[in-house]
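In what follows, a structure is listed as structure tokens, so that the remarks can point back to it.
The values are calculated or read from the model by the stated rules, or taken from the named source; none is laboratory data. The model shown is predicted, which means the values in this text are computed figures rather than measured ones. Counting neighbours? That spans all protein chains shown, and the Cβs are built from the backbone with ideal geometry, glycine included. Note: areas computed on protein heavy atoms with side chains; ligands, DNA, RNA excluded. Shrake-Rupley method; radii C 1.70, N 1.55, O 1.52, S 1.80 Å.
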Amino acid sequence: MVLYFSATGNTQYIAQLIADKLADQTTDLLERLRTGDHSAIHSDSPFVICLPVYVGDIPCFIMECLNSTPLKGSGKIYFVYTCAGYTSSGFRHAKKIAGTKGMEYGGSLSVQMPNNYVASNLNGIPDDAKIKELIAAAEPVTDEIAATIRRGGTLKSRHITLAEHVLCIFTYWFWRTFMQRTKPFYATKNCTGCGLCERKCPLGIIKMTDSHPVWTGSKCAHCMACIQNCPAGAIEYGSKTQEKKRYTFKGSVQSP
Ligand SMILES: Cc1cc2nc3c(=O)[nH]c(=O)nc-3n(C[C@H](O)[C@H](O)[C@H](O)COP(=O)(O)O)c2cc1C
Ligand code: SF4
Ligand code: SF4
């Protein structure tokens, strides 16, 4: 079974491709994350966990969910990440999660997809030609992944040195402590009150109040699900997102 979380569609696409190639099924973790449902999941086939990479690592809220959810049936677990090009401690933490659960670690690999992080002045969303190129290049990687899983092999990620691991853990800590603020989020007058942002938030911190979203926590995962999926383009993050293009995965072929 392929379990996945996807804020903007990249990971859902990769998860579905792998599941199709393995003739297996997918399970979206969103509702479990939103509701704190940690009931057991059963699969006779190996578990394949598909996740986006945040700050080089497995997003904390997904790590907590995986650690708390019993995985029954198959004793083998693989990890597949989508990222914009850089995965680090995620590779080490995947092995740790497998060990904690007493499962056989099948390895992990990342697949490069378009960047979805828009709430900073750093790398933005790629242009349409680059998006098309990245999506086209990702599909063959899933062939290799599925073939490896089918024959019971090991996905081989690059080696992460201890120094890189420690640096990544520090960076993630810094990010969680100082950068994941919700205060700058707001909805403009274009908001139609559809409530999609509330339903998309994996942490369940957006509450519709008088047909308007309110960010109830002081920090969130910054997954970008709310801001990127808003059909009215009505969500902004302070001045950082104004006039910036939004991104959600739109299919294997994007218009240039
Ligand atoms: C909070 C956050 C942090 C991210 N950090 C990284 C990173 O460290 N390395 C990287 O290559 N991509 C990073 N990305 C980009 C995403 O991993 C990438 O776009 C991913 O495919 C998004 O998947 P989704 O569409 O399934 O949510 C980050 C995205 C977010 C939202
Ligand atoms: S998704 Fe956008 S339009 Fe819908 S309620 Fe949220 S901010 Fe408003
Ligand atoms: S508030 Fe938006 S960015 Fe933050 S976790 Fe929820 S959906 Fe993701």
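Only protein heavy atoms count here; under a 1.4 Å probe, Glu144 has an accessible surface of about 110 Å². With springs only between Cα atoms under 10 Å apart, run a GNM on the chain and tell me which of Met113, Met208, Met224 wobbles the most. Greatest mean-square fluctuation among the candidates belongs to Met208.
When the Cα positions of Gly251, Leu3, Pro70 are compared along the charge dipole of the chain, Pro70 comes out farthest toward the positive end, with charges on each C-beta of Lys, Arg, Asp and Glu. When only the Cβ of Lys, Arg, Asp and Glu is charged (+1, +1, -1, -1), the dipole of the stretch 137-181 relative to its Cα centre reaches about 180 debye. Think of a 1.4 Å ball rolled over the protein heavy atoms: the chain then has 47 Å² of accessible area per residue. For the chain, the list of Cys residues with no other Cys C-beta under 4.7 Å reads Cys50, Cys60, Cys65, Cys83, Cys168, Cys191, Cys194, Cys201, Cys220, Cys223, Cys230.
For the chain, give the share of DSSP beta bridges that are antiparallel, in percent and rounded to the nearest 5; count only bridges with both residues there. In the chain, approximately 30 percent of DSSP beta bridges are antiparallel ones.
Take every pair of alpha-carbon atoms less than 8 Å apart whose residues are at least six positions apart; their mean separation over the length of the stretch 181-237 yields a relative contact order of 47 percent.
Sorting Arg32, Arg176 by accessible area puts them as Arg176, Arg32; the probe is 1.4 Å, largest comes first, and only protein heavy atoms count. Proximity of backbone amide H atoms, modeled 1.01 Å from N, is registered between Asp57 and Ser88, Gly90 at under 5 Å, excluding neighbours fewer than 5 places apart on the same chain. Would you work out if the chain is rounded, prolate or oblate? Take a ≥ b ≥ c from the square roots of the eigenvalues of the alpha-carbon gyration tensor; rounded if a/c is under 1.5, else prolate when a/b is larger than b/c, oblate otherwise. Prolate shape, in that a/c is at least 1.5 and a/b is the bigger ratio. Legend: distances between Cα atoms for Lys130/Lys244; Lys132/Lys156; Lys96/Lys200; pairs beyond 18 Å are Lys132/Lys156; Lys96/Lys200.
Take Asp143: with every protein chain present and a 1.4 Å probe, its accessible area is about 80 Å². For Lys76, the residues 5 or more places off, or on other chains, whose built amide H falls under 5 Å of its own are Phe47, Glu104.
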